[in-house]
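Trainee: Attaching a single structure in structure tokens format; questions to follow.
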Amino acid sequence: MTLKKINRRDFFRLGLGASFGLIASRGWPRELNFNSKSFFASFFSEKHKLIYRVLGKTGLKVTAVSMGVMNADNPDLVRAALDAGIILLDTAHSYQRGRNEEMIGSVIKGRPRESFIISTKINPPTRDRKTGDFLSETNPQQFLDMLNISLERLGLDYVDILSLHNTTKAEHVLNEPILEALQKAKKEGKTRFIGASTHSGQPEVIKGMLEAKVYDVVIAGFNFRQQNREEVRQALREAAAAGLGVIAMKTQAGVYWDKEKTEKINMKAALKWVLNEPAVHTAIPGFTTFEQLEEDLSVMADLTLTEEELRDLRLGEIHGDGMYCQSCLSCLSACPENLPVPELMRAYMYAFGYNNFDLAQDLLTSLDLPSPLCRTCISCQVKCRLNLGVKERIVELASLVPGLKVAQS
Ligand code: SF4
Ligand code: SF4
């Protein structure tokens, strides 16, 4: 039996699946030196149907499943994703403190420029740590300097999509120095298109983007745990109707139902749920193993959600399981210490859902939290819409930041 003739069942029957799992967990053995036509690449591309969609008015052709590179640190995984047909890679200036863009740069080096689409995001440091509002010293040049660093790391003259990172209000995407920087970058050919990313406040952010009339793409948090947030779905539809390319992020809702990682979310079902929304042009799940890559790609064979998958997503249930805070902001006024609860819950997901402790620590540090936290309350005043145990999660988060304490109640 030649490798070319091996089918999926043979793959696992012959025990190659185990080797595959080993590679996935430990990284690709460099001495094997697989090239772009490697066995695994041909396994992926021959077995999976790809769905292509057009990213709104950008006209960019993308696969319905793209790659969010945020948590990945194995260049061979990114290589395999591109070899398997994925076109769009999403990263950010801040991911892995710059190493993420450098890693992508090493992967795309030598590939035809038109064969991939790079989306990166920049979050200028001149923002209020709690509100994310831009401070008066925000200036276009600072943003453009950060873009130049990103381009250097990526080894590119231009990116395809440049976004303002982490916006939560209309005023963020309407900020004049930022608009000037984004438009200048586009005019100078350093990016083909401009956008903004938003984890929370999606409806307001999208309203602001449409008002600004200069944006091409929105990267928005969207997943099945937002089933009770029709306003987010409506906002995505308005964005798509106005011609914006719509990229869905946080599609796997934190990957696990529990912190101990004994119960994984049905990843295929979660991805299908997102891709069944017609307004979404592409999703950027943050897979980190070859197995997950294969699983995510397989979704494009058939987007129909089976009854079992619908059951797995526990639609209709509102319970405190899961890593994902839907950033609905409805709890903000309840906290007497005015703590940034959604950001804290996002840090919890990064740490205990994604195992990305660096990212969790970076986010926590950026919040400039008082210590000790939660001095005021005998019992937590936050009643989460998803029944997340906010105080318990804050206690666990505090152990990640040296010197950060939580008052005992
Ligand atoms: S216990 Fe809850 S309500 Fe009180 S300060 Fe902490 S997070 Fe806020
Ligand atoms: S903690 Fe709960 S209520 Fe608060 S923003 Fe997140 S999902 Fe909404």
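The values are calculated or read from the model by the stated rules, or taken from the named source; none is laboratory data. Being a predicted model, the structure only gives us computed values, none of them experimental. Note: ideal-geometry Cβ built from the backbone for every residue, glycine included; neighbour counts use all protein chains shown.
Trainee: Any residue at all in segment 377-386 that's within 10 Å of ligand 1 (Cβ to nearest atom), in contact (Cβ under 8 Å) with a residue 12 or more places away in the chain, loosely packed, with under 14 Cβ neighbours inside 10 Å and hydroxyl-bearing (Ser, Thr, Tyr)?
Mentor: Checking segment 377-386: at least one residue is within 10 Å of ligand 1 (Cβ to nearest atom), in contact (Cβ under 8 Å) with a residue 12 or more places away in the chain, loosely packed, with under 14 Cβ neighbours inside 10 Å and hydroxyl-bearing (Ser, Thr, Tyr).
Trainee: Okay, moving on. List the pairs whose first member sits in segment 332-358 and is hydroxyl-bearing (Ser, Thr, Tyr), whose second member is more than 11 Å from ligand 2 (Cβ to nearest atom), and whose Cβ atoms are under 6 Å apart, counting only residues at least 6 apart or on separate chains?
Mentor: From residues that are hydroxyl-bearing (Ser, Thr, Tyr), the pairs are TYR348/LEU397; TYR350/ASN356; TYR350/LEU359; TYR350/ALA360; TYR354/ASN71.
Trainee: Restricting attention to segment 286-326, report how many residues are within 16 Å of ligand 2 (Cβ to nearest atom) and loosely packed, with under 14 Cβ neighbours inside 10 Å.
Mentor: The number of residues fulfilling the criteria is 4.
Trainee: If the requirement is being without any contact (Cβ under 8 Å) to a residue 12 or more places away in the chain and in a loop (DSSP other than H, G, I, E, B), which of these qualifies: THR262, THR251?
Mentor: Among THR262, THR251, only THR262 is without any contact (Cβ under 8 Å) to a residue 12 or more places away in the chain and in a loop (DSSP other than H, G, I, E, B).
Trainee: Limited to segment 250-264, what total is found for residues that are buried (at least 24 other Cβ atoms within 10 Å of the Cβ) and of a type in the set (A, V, I, L, M, F, W, C)?
Mentor: Residues that pass the stated criteria total 2.
Trainee: Of the conditions (1) buried (at least 19 other Cβ atoms within 10 Å of the Cβ); (2) modelled with pLDDT of 95 or more; (3) farther than 30 Å from GLU152 by Cα; (4) out of contact with any helix residue (DSSP H, G or I) (no Cβ under 8 Å at 6 or more places or on another chain), ARG225 fails just one. Which one is it?
Mentor: Tallying (1) buried (at least 19 other Cβ atoms within 10 Å of the Cβ); (2) modelled with pLDDT of 95 or more; (3) farther than 30 Å from GLU152 by Cα; (4) out of contact with any helix residue (DSSP H, G or I) (no Cβ under 8 Å at 6 or more places or on another chain), ARG225 fails exactly one: (2).
Trainee: Out of everything in segment 387-409 that is more than 17 Å from ASN338 (Cβ to Cβ) and of a type in the set (Lys, Arg), what residue ends up being surrounded by the fewest Cβ atoms within 10 Å (Cβ to Cβ)?
Mentor: In this case the residue turns out to be LYS405.
Trainee: So which of VAL382, VAL341 is among the hydrophobic types (A, V, I, L, M, F, W, C), within 15 Å of ligand 2 (Cβ to nearest atom), more than 27 Å from PRO124 (Cα to Cα) and outside the structural domain of HIS199 (by TED's automatic domain parsing)?
Mentor: VAL382
Trainee: Next up: Restricting to segment 104-117, and then to whatever is aliphatic (A, V, I, L, M) and within 12 Å of VAL78 (Cα to Cα), can you tell me which residue is surrounded by the most Cβ atoms within 10 Å (Cβ to Cβ)?
Mentor: Residue satisfying both the conditions and the ranking: ILE104.
Trainee: With respect to ARG192, determine if the residue is outside any loop (DSSP other than H, G, I, E, B), assigned by TED's automatic domain parsing to the domain that holds THR91 and touching a strand residue (DSSP E or B) at 6+ places or on another chain (Cβ under 7 Å).
Mentor: yes
Trainee: Considering every residue within segment 93-100, establish whether at least one is surrounded by 18 or more Cβ atoms within 10 Å (Cβ to Cβ), at pLDDT 95 or above, of a type in the set (D, E, K, R) and within 20 Å of the chain's Cα centre (by Cα).
Mentor: The answer is no, given that none of the residues of segment 93-100 is surrounded by 18 or more Cβ atoms within 10 Å (Cβ to Cβ), at pLDDT 95 or above, of a type in the set (D, E, K, R) and within 20 Å of the chain's Cα centre (by Cα).
Trainee: Going by what's in this entry, would GLY245 be described as touching a strand residue (DSSP E or B) at 6+ places or on another chain (Cβ under 7 Å) and not assigned by TED's automatic domain parsing to the domain that holds ALA351?
Mentor: yes
Trainee: How many residues, within segment 334-366, are within 16 Å of ligand 1 (Cβ to nearest atom) and either surrounded by 23 or more Cβ atoms within 10 Å (Cβ to Cβ) or assigned to a helix (DSSP H, G or I) (or both)?
Mentor: 10
Trainee: Test GLU308 against the criterion of being away from ligand 1 (no atom under 16 Å from the Cβ), within 30 Å of ALA81 (Cβ to Cβ) and without any contact (Cβ under 8 Å) to a residue 40 or more places away in the chain, and give yes or no.
Mentor: Yes; evaluated as a whole, the condition is true for this residue.
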